[in-house]
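For reference, the structure discussed in these notes is given below.
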Amino acid sequence: MRQRPIGTATRGTTNPNRLRRMDRWIADAHGPALRRAGTPVAVDLGYGAAPWTAVELLARLRTAEPRTAVAGIEIDPDRVAAAKPYEREGLTFVHGGFEVPLAVRPLLIRAANVLRQYDEDQVAEVWSRLSSRLDADGLLVEGTCDEIGRRHVWVALGPEGPRTVTFATRLGSLERPSDLAERLPKALIHRNVPGEPVHAFLRDFDRAWAAASPYASLGARQRWIAAVRAVAADWPVTDGVRRWRQGEITVEWDALRPTGH
């Protein structure tokens, strides 16, 4: 007998193109692993009341590897039934939860706006469970964004645990980098207080943004690049100008890890 899905149903809010920043980052960062895989399978975990995010994930990952298949997994069986008419070659919808009930180990599990509705002390267990389901070359991407995808923060994890934190934004909507604090994933959102590394990082980023104000006349992108370059002098930034131009910055997890963890 199949086990009961692990987890609880989320609110299910979704909008087309909401996860585009995360998807494009995944296609760029994880594309080589998808291309190496014999069976490149990705999971959209907790896709919500409508299947748009799974449909879009398939299209974006296939720009990196045309053989990629996507499985949308939802704990609410009614949502799975509603998504079934959208199935096609390479796209399926499955009833399940954090146990990830697939016959193969996926190369990617994307869990966007799922753990936001859980308690902070539940995050480590969920991360461990999901990471244990990954292929040896797999990636778990877990994070939060606003309703229309302007601001997004996510953690990337391998089978061994968390690796990096990425902050991504539509630059024209940004007043200061710390505006992204409201979209920190559950593991970090309650840690944006003095004495915690993520608070210090956002403080330093705001200072660098203010110091880069002369670049504003050249556009928000040039100001962002200048600010990220300054921050990278003191924080372990792992990406480069090509990603910065997209309104992104990726930092090693260990530099932002909550105290006591």
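The values are calculated or read from the model by the stated rules, or taken from the named source; none is laboratory data. Computed from a prediction, not measured in an experiment: that's the story for all the values here. We place every Cβ from the backbone using ideal geometry, glycine too, and count neighbours over all the protein chains shown. Remember, those area values only see protein heavy atoms, side chains included, never the ligands or the DNA or RNA. Shrake-Rupley method; radii C 1.70, N 1.55, O 1.52, S 1.80 Å.
Details
- Per the Debye calculation on the stretch 162-241 with a single equal scatterer at every Cα and no solvent contribution, log₁₀ I(q)/I(0) for q = 0.20, 0.25 Å⁻¹ amounts to -0.93, -1.38.
- Span from the the stretch 101-172 Cα centroid across to the the stretch 50-83 one, whole angstrom: 16 Å
- Spin-label model, Ala233 to Asp179: label points 7 Å out along the Cα-to-beta-carbon direction sit 2.5 nm apart.
- Furthest towards positive pole of dipole, Pro159, Gly195, Leu174, structure part the stretch 123-219, Cβ charges: Leu174
- The helix-based estimate of mean residue ellipticity at 222 nm for the chain, built from -39,500 (n - 2.57) per DSSP H run of four or more residues and divided by its residue count, is -9000 deg cm²/dmol to the nearest 500.
- Exposed loop sites were defined as GluC sites (Glu not before Pro) in DSSP loop states (anything but H, G, I, E or B) carrying at most 11 other C-beta atoms within 10 Å; in the chain the longest segment without such a site runs 1-88.
- The fraction of all Cα pairs in the stretch 39-84 landing in successive 10 Å bins from 0 to the largest distance is 31, 49, 19, 1, given as whole percents.
- Oblate is the label for the stretch 25-134, because a/c, from the alpha-carbon gyration tensor with a ≥ b ≥ c as root eigenvalues, is 1.5 or above and a/b does not exceed b/c.
- Residue-wise HN-Hα couplings along the stretch 140-148, as the Karplus relation 6.51 cos²θ - 1.76 cosθ + 1.60 with θ = phi - 60° gives them from phi, are 9, 10, 10, x, 9, 9, 7, 5, 10 Hz; Gly and Pro carry x.
- Net charge of Cβ neighbours under 15 Å - reference Leu134; Lys, Arg +1; Asp, Glu -1: 0
- Reduced Cα scattering model of the chain, Debye log10 I(q)/I(0), q = 0.09 Å⁻¹: -0.39
- Residue-normalised accessible area of the chain, given per residue in Å² at a 1.4 Å probe: 43 Å²
- Cα-based shape type of the stretch 66-121, given that a ≥ b ≥ c are square roots of the gyration tensor eigenvalues and the cut on a/c is 1.5: oblate
- Cα-based shape type of the stretch 204-245, given that a ≥ b ≥ c are square roots of the gyration tensor eigenvalues and the cut on a/c is 1.5: oblate
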